[in-house]
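The values are calculated or read from the model by the stated rules, or taken from the named source; none is laboratory data. From a predicted model like this one, the values you see are computed outputs, not experimental measurements. Note that we place each Cβ from the backbone using ideal geometry, even for glycine, and neighbour counts take in every protein chain shown. Quick note on the areas: whole protein, heavy atoms, side chains included, nothing else; ligands and nucleic acids left out. Shrake-Rupley method; radii C 1.70, N 1.55, O 1.52, S 1.80 Å.
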Amino acid sequence: MIVFQQLLKSSGPPLIGTFVKLPALEVAEIIGAAGFDFVVIDTEHALLSVRDVYSLVVVYSRLNVAPLVRITDHGYGDGQRYLDAGAAGILVPHVSNAAQAEVTMKQFLFPPAGTRGMGYAARAGLWGSLDGGPAEYVRTGQEDVARVAMIEEREAVEDIDGILAAPGVDAAFIGPGDLSLSMGVPGGSPPVHEAVTRSIEAAVRAGVPVGTVVQGEEQLRLRAGQGCRFLLVGNDTGMLSGAARRTLAQAREAVAEPAGVR
């Protein structure tokens, strides 16, 4: 399993990843071959089945790209299965306050710290053949998995210090899109920018790896300079859509004035 936790703690520039919404393994190979450090497989906003997620986790792992999964809610079931499938981490959406963070993250920690169940015979335990046995399965599940709290609401920003200090929160992801909806202001507006910056600064002070989604080189440089350890750029559907539009636009421009017409 690629240890995203270790990647976050390494020196050097921030890790660069992208959201994954398509279950096509061909697309996964293209994304992996491009050289991304990690992906976030998006079950919250894409119609991906558990089997789809499992296949993507396996393929991205083999391509040396750390596969994280954004789960749909605060429930235990799917998150547990994704971790046992070998996901490098999970992103928990809409973590609103410290109490909610503690209750939610405990589900993905083994006892006595939490309530995650034993699944040693799953892929994360190498089908029951991990060299260190069940103890190693528990150790890696406890220490190597990244449990990421998503800060996406005004309330979360107001309680950011408490969320960052909650047991089991290994990293934080600031979601400017949902944050703008929660604040009732347009995306990209100064209040959203300030809320994202405030949250990043709090995470850096607390020593908690933090990331966000960015658009364009200016934002990349800004958030990297503020201390983000991981940054997300776009998604697979957007890349495909953008490439299709550019290809068509170039073709239409070329045939608008055929050779010899001028």
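Seen from Tyr120, the other residues with C-beta closer than 10 Å to its C-beta sum to a net charge of -2, counting Lys and Arg as +1 and Asp and Glu as -1.
Charged side chains reduced to their Cβ positions (Lys and Arg at +1, Asp and Glu at -1) give the range 172-262 a dipole of some 120 debye around its Cα centre. Result for the chain in a Gaussian network model with C-alpha springs under 10 Å: among Gly89, Gly133, Gly234, the largest mean-square fluctuation is at Gly133. With protein chains left intact and a 1.4 Å probe, residues in the chain average 48 Å² of accessible area per residue. Relative contact order for the range 59-133: 25 percent, from Cα pairs under 8 Å spaced at least 6 residues apart, divided by residue count.
The simple spin-label model puts a point 7 Å past each Cα toward its Cβ; for Gln142 and Ser189 those points are separated by 4.6 nm.
Between the entries (1) 1.08; (2) 1.03; (3) 1.30, the label attached to Cα Rg over 2.2 N^0.38 Å calculated for this structure is (1).
Nonpolar atom fraction for the chain, defined as the carbon and sulfur part of the 1.4 Å probe accessible area, stands at 56 percent. Of the residues Val59, Leu91, Gln80, the one whose Cα sits farthest towards the positive end of the charge dipole of the range 39-101 is Val59 (charges of +1 on Lys and Arg Cβ, -1 on Asp and Glu Cβ, taken about the Cα centre). For the range 1-146, the dipole from Cβ point charges (+1 on Lys and Arg, -1 on Asp and Glu) about the Cα centre works out to 120 debye, to the nearest 20. In this calculation the C-beta distance from Arg252 to Glu218 is compared with R0 = 35 Å, giving a FRET efficiency of 0.70.
For the range 153-204, a simple Cβ point-charge model (Lys and Arg +1, Asp and Glu -1, everything else neutral) yields a dipole of about 140 debye relative to the Cα centre.
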